[in-house]
Amino acid sequence: MGSLAPGHAADFVLADLRRRGVDVRHAVLQPGGCMPTSIVIASASRGTRTILHASGNLPDVTARDFERVDLDRYRWIHWEARNAAEQLRMIQRVEEHNRALPPARRIRTSVEVEKPREELLPLLAHGDVVFISKDLAKHFGYRSAPEALRGLRGRVQPGATLICAWAEEGADAMGPGGELVHADACPPETLVDTLGAGDTFNAAVIFALSGGQSLQDALNFGCRIAGKKCGIQGYDGIV
């Protein structure tokens, strides 16, 4: 679920998602605005990337947009922290929905807080699973994923799982009971393209957890799939 501006760029995005079997029924087509655009320059020799970004003026998805989502269709909903005030209202709607359901039928929620912006931090207190970035951890002065998890545990809701990936050092997670688990990174033989590796990791972990895998197995799976993504151009052929 995201915002799109009318025009050729939105048509391309929607066609590309549909070609991959992604349900785009909740895409929000804004009446105006300009699509944000990024040009990515990837280094074939070093595997690094340089991004030239034009943000545009496209509005974010609002809580009113989210009201059109039929919650009965979903068992897991994930948010990437952006317009936190609106997203908090979306999460609160899901929490209210869950209160009327038995535990087995409740929607699980997850949140990723990547950018160290003060207005995004309240989202840490919401979500059954919370992903934090290496950049956010370092912003708070932490020098490793386990140190960040111990330090930020008090910011998440009781019973939540907190996860932090740390690039070539793999990823760590703190489970609901405070237990720490670690998964080693799985780098490819040749580093090709790291663009989207973090999102690939998050998606793989959510996929594994939603399928009933343990936190350790989900973390291992996330590192393995993210590593495979880094060894190919784009996303076709990851699985």
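The magnitude of the dipole of segment 104-239, with charges of +1 and -1 set on the Cβ of Lys/Arg and Asp/Glu and taken from the Cα centre, is near 440 debye.
Remark: segment 26-82 carries 67 Å² of accessible area per residue (probe radius 1.4 Å; ligands, DNA and RNA excluded). Backbone N atoms of segment 207-239 closer than 16 Å to the 7 Å Cα→Cβ label point of residue 190 belong to residues 228-234.
Using 0.36 nm per residue, how much length does the chain from residue 98 to residue 82 gain when fully extended, once their Cα-Cα distance is taken away? Let's see the in-between values first.
Values: separation 16, 0.36 × 16 = 5.76 nm, distance 2.34 nm.
So the chain would gain 3.4 nm between residue 98 and residue 82.
Label zone of residue 52 (point 7 Å out along Cα→Cβ, amide N under 15 Å): in segment 17-42 this covers 37-42. Selection among 234, 125, 39 by position relative to the dipole of the chain gives 125 as farthest towards the positive end (Cβ unit charges, Cα centre). Heavy-atom accessible area, probed at 1.4 angstrom with all protein chains present, ranks 48, 190, 109 as 190, 48, 109, highest first.
Could you please report the charge total around residue 123, scoring K, R as +1 and D, E as -1 over all other residues with beta-carbon less than 14 angstrom from its beta-carbon? Don't jump to the answer; show the numbers that get you there.
Numbers: positive: 82, 89, 115, 117, 155; negative: 60, 80, 86, 95, 112, 114, 118, 119, 128.
Surrounding charge for residue 123 is -4.
Dipole magnitude for the chain: about 240 debye, using +1 per Lys or Arg Cβ and -1 per Asp or Glu Cβ, origin at the Cα centre. Recomputing Cα Rg over 2.2 N^0.38 Å from the coordinates shown identifies the correct label among (1) 0.97; (2) 1.03; (3) 1.20 as (2).
Keeping all protein chains in place and using 1.4 angstrom, which order do 74, 235 fall into by accessible surface area, from largest down? Numbers along the way, then the final one.
On the way: 74 55, 235 115 Å².
Greatest to least solvent exposure: 235, 74.
The values are calculated or read from the model by the stated rules, or taken from the named source; none is laboratory data. The structure presented is a predicted model; accordingly, all values stated were derived computationally and were not measured. We place every Cβ from the backbone using ideal geometry, glycine too, and count neighbours over all the protein chains shown. Each accessible area value is taken on the protein alone, full model and side chains, heavy atoms only, with ligands, DNA and RNA left out. Shrake-Rupley method; radii C 1.70, N 1.55, O 1.52, S 1.80 Å.
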